[in-house]
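Trainee: Next up is a structure, given as structure tokens.
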Amino acid sequence: MDKAMEVKVVNDLAAMARSIAEKRGRNAKWAEDAVRNSVSITETEALQQKVINLIAPDIPSLLNDIDGKIVDLVAGKKTLRTKGAAVREMGMGFRYKILNIISNPNIAYILMILGFYGLYFELSNPGAIFPGVAGAICLILAFYALQTLPINYAGLLLIILGVGLFIAEAFITSHGILGVGGAIAMTLGSLMLIESASPYLHISWAVIVPVVSLSAILFIITVGLAVRVHREKADTGKEGMIGLVGVAKTDIQEGGQVFIRGEYWNAWSDELIKAGVKVKVDSVEGLKLKVRKAVESG
């Protein structure tokens, strides 16, 4: 929120805290300072300054100490009868257990990065299915967790930019400039992603450094290999035959035979080629090769 809205919210909360404290006979000034200045005190000081009513070492002691006290409820004043009361623990539900785990900034960050990985590899290898499904699940969990955290969208955009630069490094000869830029963008984005003054909400360096390093290695190497394989000449099928050099086993023109890569093939040519002459494959038409005389080097 902007500064004006932040001041308004703090003023409203301070007024609410003071009002509740005054109504219940507590220390109103301390309640207001707790909101405005984030002051904190020990339990003994809290008791002395009338911030709390009592200190109890455990739940049975608390139930005994508050027995007979009168409290104000919406329905009116009620007297507590808690001495010897049975204690029933209410465990955290499955939904909140999951949220409690993934709302850890480090976990949410890792899930988001894994989600990006999954979607990228699914889009680059259509039909793989698993990377896309796993990536989508990770992204949904990450965004579910991030909604509970103060997100800086500039940081998110920097992370996406970093991933894009890693991919571009595999396609463009930049002598490492794009890769370094990607690492810097992703590191800055990771530091900026959670916008909070609380240290426990920041993403740990012990998570950022391995994630950025592995991302750079993963994208640059895997994408680079994919590009290299795509650009390499095929060595199987019809495409793999084109350009191969063999030997004419018979005279070749409208027909004949050649021996290439350990196999005999029917062949034809636009020129007369004598038996024993080296030939080169120009094209493949069905099961017949179009050849020409191979140019002798040197």
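The values are calculated or read from the model by the stated rules, or taken from the named source; none is laboratory data. From a predicted model like this one, the values you see are computed outputs, not experimental measurements. As a convention, Cβ positions derive from the backbone with ideal geometry for all residues, glycine included, and neighbour counts pool all protein chains shown.
Trainee: Given (1) in contact with a helix residue (DSSP H, G or I) (Cβ under 9 Å, 6 or more places away or on another chain); (2) among the hydroxyl-bearing types (Ser, Thr, Tyr); (3) at pLDDT below 90, identify the lone condition not met by Tyr96.
Mentor: (1)
Trainee: Under 14 Å from the mean Cα position of the chain (by Cα), in the same structural domain as Pro105 (by TED's automatic domain parsing), closer than 19 Å to Asn100 by Cβ and not in a loop (DSSP other than H, G, I, E, B): is that true of Ile140 in this structure?
Mentor: Considered against the rule, which asks whether it is under 14 Å from the mean Cα position of the chain (by Cα), in the same structural domain as Pro105 (by TED's automatic domain parsing), closer than 19 Å to Asn100 by Cβ and not in a loop (DSSP other than H, G, I, E, B), Ile140 comes out as yes.
Trainee: Turning to a different aspect of this structure: Considering each residue of the range 80-95, count those that are of a type in the set (Val, Ile, Thr) and either farther than 29 Å from Ile20 by Cα or surrounded by 10 or more Cβ atoms within 10 Å (Cβ to Cβ) (or both), and give that number.
Mentor: Of the residues in that region, 1 qualify.
Trainee: Filter the range 102-137 down to residues that are more than 19 Å from Met186 (Cα to Cα) and among the polar types (S, T, N, Q) and give me whichever is farthest from the chain's Cα centre (by Cα).
Mentor: The selected residue is Asn125.
Trainee: Let me ask another. Pull up the range 1-21, narrow it to residues that are among the charged types (D, E, K, R) and in a helix (DSSP H, G or I), then point me to the one that is surrounded by the most Cβ atoms within 10 Å (Cβ to Cβ).
Mentor: That would be Arg18.
Trainee: Can you give me the number of residues within the range 159-206 that are of a type in the set (Phe, Trp, Tyr), more than 20 Å from Gly115 (Cβ to Cβ) and touching a Gly at 6+ places or on another chain (Cβ under 8 Å)?
Mentor: Residues in the range 159-206 being of a type in the set (Phe, Trp, Tyr), more than 20 Å from Gly115 (Cβ to Cβ) and touching a Gly at 6+ places or on another chain (Cβ under 8 Å): 0 in total.
Trainee: Among Gly255, Gly262, which is modelled with pLDDT under 90, outside the structural domain of Ala168 (by TED's automatic domain parsing) and either basic (Lys, Arg) or exposed (fewer than 11 other Cβ atoms within 10 Å of the Cβ) (or both)?
Mentor: Only one candidate passes the filter, namely Gly262.
Trainee: When the range 107-140 is examined, which residues are found to be more than 18 Å from Gly162 (Cβ to Cβ) and of a type outside the set (A, V, I, L, M)?
Mentor: Result: Glu122, Asn125, Pro126, Gly127, Phe130, Pro131, Gly132.
Trainee: Here is a follow-up. Kindly indicate the residue of the range 63-79 that is of a type in the set (A, V, I, L, M, F, W, C) and within 21 Å of Lys23 (Cα to Cα) and also modelled with the highest pLDDT among those meeting that condition.
Mentor: Only one residue fits best here, namely Ile66.
Trainee: Tell me, please, whether a residue that is β-branched (Val, Ile, Thr), within 30 Å of Val10 (Cα to Cα) and not in a helix (DSSP H, G or I) can be found in the range 22-38.
Mentor: No, that holds for no residue.
Trainee: Mind checking which pairs have a first residue in the range 164-175 that is aromatic (Phe, Trp, Tyr) and a second that is at pLDDT below 75 and surrounded by 15 or more Cβ atoms within 10 Å (Cβ to Cβ), Cβ under 9 Å, 6 or more apart or different chains?
Mentor: Phe166/Phe219; Phe166/Ile220; Phe166/Val223; Phe171/Val223
Trainee: Let me ask you something else. Give Met186, Met112 a once-over and let me know the one that is buried (at least 16 other Cβ atoms within 10 Å of the Cβ) and touching a Cys at 6+ places or on another chain (Cβ under 9 Å).
Mentor: None of the other options fit; the residue is Met112.
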